[in-house]
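The values are calculated or read from the model by the stated rules, or taken from the named source; none is laboratory data. Quick caveat: nothing in here was measured; it's all calculated off a predicted structure. Using ideal geometry, Cβ is built from the backbone for each residue, glycine included, and neighbour counts are taken over all protein chains shown. Just so you know, the surface numbers come from the protein's heavy atoms only, side chains and all, with ligands and any DNA or RNA stripped out. Shrake-Rupley method; radii C 1.70, N 1.55, O 1.52, S 1.80 Å.
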Amino acid sequence: MKKNAQYLASLRQVMKEKGIDVVIVSGTDPHQSELPPRHWRGREWLTGFESGNGTNGTAVVLADEAYCWTDSRYFIQAEDQLKDTGFKMMKEDGPEAVDLIDWVTEHTSAGQTVAIDGMTFSISWAQRLQQELDDNGVKLNDNFPLFDYIWNERPERPVNRLFIHDEKIVGETVDSKMSRILDAVKSEMGNAILLSALDDIAWATNLRTAGDIAFSPIFVAYLYIDNNKRVLFIDNKKLTPEVEAHLKKYNFETRPYEDVLQFVETLPKETRLLIDPDKTSRGLYDHISCTPVFGGSQVAKLKSIKNASMISNLKTAMKKDGVALTRFFMMVENEYPKGTLTELGLGKTLRALRLADPSCVDESFSPILGWNGHGAIVHYEATEESDIPVTGNGLLLVDSGGQYTYGTTDITRTIALGTPTAEQKHDFTLVMKGHIALARAIFPQGTRGGQLDVLARQYLWNEGKAYYHGTGHGVGFFINCHEGPQSIRLNDVNVALQPGMITSNEPGLYLEGEYGIRCENLIATELWKTTGFGDFYHFEVLTLFPFDTTLIEKEIMTESEIEWLNNYHDKVYKELSPLLQPDEQKWLAEKCKVI
C-alpha cells in the first residue's frame, strides 16, 4: 500500500474522535482556484491523485470506504494513481457519471454527521449539500479543517512578490476598472463587493506575480470595494515599494490576508455586499454579518471582454508563440529519426523555447505531450515514471501555451511521426472538420456557446464517435488560461458570446491505449455585420501555427473546408515568416503549402 493509506488511517482516527461519519475533501482553496497553491492541495496529498493541469477531484471518506470523484479528462490518470491508496475512482461526467452529493445522501442516514472544510467549498455547492442532507436528517459540520489535524508538513501560503502589469498593454487604468466594477455592483442591487477569485483580483488591480499559482501570474488575496473604500487583504511580504506606490496611487488600503473574516463580521448592517456564490467560500459566508447579495455575473463579464489594446497585444503574443512552436516542431522532426526524443525531454525543450522570449513569464499550464496511447489521456502529464520514448510510427499530441505579458496563449497540435494509419488520418480529419465548422460560424447577437457546440461534434457523432470535454473555454489576458463565464460545451451556460471574448476551439477524439487527437486554436468573437435582423458575429482566429496536413484525408473534406485551411495557412506564413531565420522560413513554407 502507498503512504496515502496511512494518511487515510490518520483521518479516520480524527473522524472517530470527533464523531464524524463522512468527510468530503475539496480539491481547491478558499478562492475556488482551478489549480490552488500547494498549501491547499491537501486532497492531492491525501489521495495521491494529482495533475499539473488542474486538480479536479473531490474525495469522500467513510469509516470503511473512500472514493475520489473526477471528470473525464482524468479518468485514465486517476485510475492509475489511485491504485493501492485506499481510494476508488468515481466518474463525475460521461455516461457512467455518479453525482457526488446524491451519492453521499444515499449513503448516510438520519443522525449521522457529514463534515467539510467550509473555507474550501463554494457557497452554492455547500448550500446544495446542506439542503439534501437536511432533508434526510443528516447534520452538516462545515467547520472541519481536517488538514490542520493530519498534514504535519503542510506547505506555507506563498509570499511571492507582486509586480505591475503595464497599463499601456492592459489598455485601462485601475480607476477605470473600479468605476466599472461599482457600476456593475449597483446593477446587481449591491453597494459593495468582495472579490474572492484570484483572477478577478489580479485583473481589477493590474497586479501580477509569479509563483503563487502554478502557470497563472495571479496572487493570493481578497479585495473589498465600495464607494469610499478599497481594501486589499494580502500578506505584506508580497508588496514591493513599486507595488505599494501603485496601490497608494489608486487609494488602496492593505490589511493582512487573515483579517478578511473579521472585516466582513464588522461591516455595517446597511452594507449590501455582492458576493459570487460560486467563487466565495462557505466558510467566509458564515462570517458575513451585513446583507449578502448573491451575484457577480456582470463583474465576470467585465473581465471576459478584452479591449482593443488587449486584442492587439495578444496578437503579438501569438506571433511570439508561433516562432517558439516553429522551432520546437522543427526540432522534433529533425531529432525524431535518431530515436532520442522522450515526452519529458520534449516538454523541457518547449518550455525553454518559450521562455527564451523575455516577455514570456511562464507556461500557461503544464504542457501535455502524449505519444500514441498517452495522447488519449486528455490531461496527460509526463512524469519520470510515465515517460516514454517517441519512437516508431504514431501520433504526438502537444497541448501547450505561454503566459506572455502581451497575453495568454493555448494551442494544441497533433502531428504524425513516421507513417500514419488510414484510421488515424480519417479520425484526424473528422476532428478538423469540426474545428473548421466552429471557426467559420456566423451567429446572431445573444447566441450562447452551448448553441454552437454541436458544430464541432457533428462529424464525429455521424460515425458514432464522441469526446466528453468542452469544446471551448474562455481564456484570460495574462491571467488564467481557463476563464469564464463564457464557454462552448454540451451543457449550456447562460452566457452569450460577445465581441472581445476569447475562447478556445478544441474538438478531439481519444482511443484509450491507442492515440489521441485534438486540434485547438484561440478565437475572438467580433462583429461580422449588422443586418435588418440585428448584429451578427463571427470568430477571428488568433493562433498562428499550421496543422499537420499529412493527416488530412482530403476526400472527405469539402471545397470550402479546404479553402479555409489553405487561407489559414497562408495567414500563418505571412505573419510568422518575417520573424524567422531562412531555414525556419523554408520549413514553415512546406507546412503551410496549399493542399
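Compute the acute angle (0 to 90°) between the alpha-carbon long axis of helix 123-135 and the principal axis of greatest extent of the alpha-carbon atoms of the chain; round to the nearest 10°. Approximately 60 degrees, to the nearest 10.
A full extension of the chain between Val14 and Lys554 corresponds to an added length of 188.2 nm, given 0.36 nm per residue minus the alpha carbon distance.
Approximating the spin labels as points 7 Å out from Cα along Cα→Cβ, the Lys2-to-Asp64 distance works out to 2.5 nm. Loop-located GluC sites (Glu not before Pro) across segment 256-326 with a Cβ neighbour count of 16 or fewer within 10 Å are Glu270, with loop assigned by DSSP. If R0 equals 35 Å, the separation of the Cβ atoms of Leu490 and Glu244 corresponds to a calculated FRET efficiency of about 0.15. What the Cα atoms of segment 267-426 give is an Rg and a Dmax of 22.0, 71 Å.
Given the pairs Lys237/Lys279; Lys139/Lys301; Lys279/Lys319; Lys348/Lys586, which are separated by over 30 angstrom at their Cα positions?
Numbers: Lys237/Lys279 25 Å; Lys139/Lys301 37 Å; Lys279/Lys319 34 Å; Lys348/Lys586 25 Å.
Checking Cα-Cα distances, Lys139/Lys301; Lys279/Lys319 exceed 30 Å.
Rounded to the nearest 20, the Cβ-based charge dipole of segment 354-406 about its Cα centre (Lys and Arg +1, Asp and Glu -1) stands at 200 debye. Only the Cβ atoms of Lys and Arg (+1) and of Asp and Glu (-1) were treated as charged; on that basis the dipole of the chain about its Cα centre amounts to roughly 1400 debye.
Just the protein heavy atoms count here, and of the accessible area of the chain at 1.4 Å, carbon and sulfur take up 48 percent. Helix 4-17 axis versus longest C-alpha principal axis of the chain: approximately 20°, rounded to the nearest ten.
What per residue convex hull volume, in Å³, do the alpha-carbon atoms of segment 11-90 yield? Intermediate values should be presented prior to the final figure.
Working: hull volume 7.3 nm³, N = 80.
So the per-residue hull volume is 91 Å³.
Note on segment 125-277: dipole from Cβ charges, positive end direction compared against Asn160, Asn143, Leu247; the farthest Cα belongs to Leu247.
Using only Cα atoms, find the angle between the long axis of helix 582-591 and the longest principal axis of the chain, and express it within 0 to 90 degrees, rounded to the nearest 10. The angle comes out at about 90 degrees. Suppose the Debye formula is applied to equal point scatterers at every Cα of segment 341-423; what is log10 I(q)/I(0) at q = 0.14 Å⁻¹? Log10 I(q)/I(0), no solvent term: -0.48. One Cα centroid belongs to segment 304-383, the other to segment 164-183; the line between them spans 30 Å. Computed over the alpha carbons of the chain, Rg followed by Dmax gives 24.4, 75 Å. Our estimate of slack between Asn228 and Lys465, defined as 0.36 nm per intervening residue step minus the Cα-Cα distance, is 79.7 nm.
Ranked from highest to lowest mean number of other Cβ atoms within 10 Å per residue, what is the order of the peptides 451-463, 166-178? Show your work: numbers first, answer last.
Values: 451-463: 17.5, 166-178: 15.7.
Going by the mean number of other Cβ atoms within 10 Å, highest first, we get 451-463, 166-178.
Mean residue ellipticity at 222 nm, helices only, the chain: -10500 deg cm²/dmol; runs of at least 4 DSSP H residues each add -39,500 (n - 2.57), and the sum is divided by the number of residues. Looking at the chain alone, DSSP beta bridges between its own residues are antiparallel in about 80 percent of cases.
Remark: the chain carries 40 Å² of accessible area per residue (probe radius 1.4 Å; ligands, DNA and RNA excluded). Between the residues Gly94, Leu133, His473, the greatest Cα displacement towards the positive end of the dipole of the chain, with unit charges on the Cβ of Lys, Arg, Asp and Glu, is found for His473. Working note: Debye formula, equal point scatterers on the alpha-carbon atoms of segment 427-551, no solvent; log10 I(q)/I(0) at q = 0.11, 0.12, 0.13, 0.16 Å⁻¹ is -0.37, -0.44, -0.51, -0.77. Ignoring lysines fewer than eight residues from Lys433 along the same chain, the ones with Cα atoms less than 22 angstrom from its Cα are Lys425, Lys465, Lys554, Lys571, Lys591, Lys593. The modelled label-to-label distance between His426 and Ser179, using points 7 Å beyond Cα along the C-beta direction, is 6.1 nm. Restricted to Cα atoms, segment 100-174 shows a radius of gyration and a Dmax of 19.9, 60 angstrom. Partner aspartates and glutamates whose Cα lies under 20 Å from the Cα of Lys248, excluding those fewer than 8 positions away in the same chain, are identified as Asp166, Glu167, Glu172, Asp175, Asp200, Asp226, Asp235, Asp259. For segment 299-383, taking the reciprocal of the average inverse distance between every pair of different Cα atoms yields a Kirkwood hydrodynamic radius of 15.0 Å. The spread of Cα positions in segment 10-149, taken along each principal axis and listed from longest to shortest, comes to 38, 35, 30 Å.
Within segment 108-249, all pairs of alpha-carbon atoms sorted by distance into 10 Å bins from zero give the percentages 10, 30, 28, 21, 10, 2. Extending 7 Å from Cα along the Cβ direction at Arg128 and again at Gln458 yields two label points whose distance is 3.1 nm.
The distance separating the Cα centre of segment 443-504 from that of segment 112-157 comes to 32 Å.
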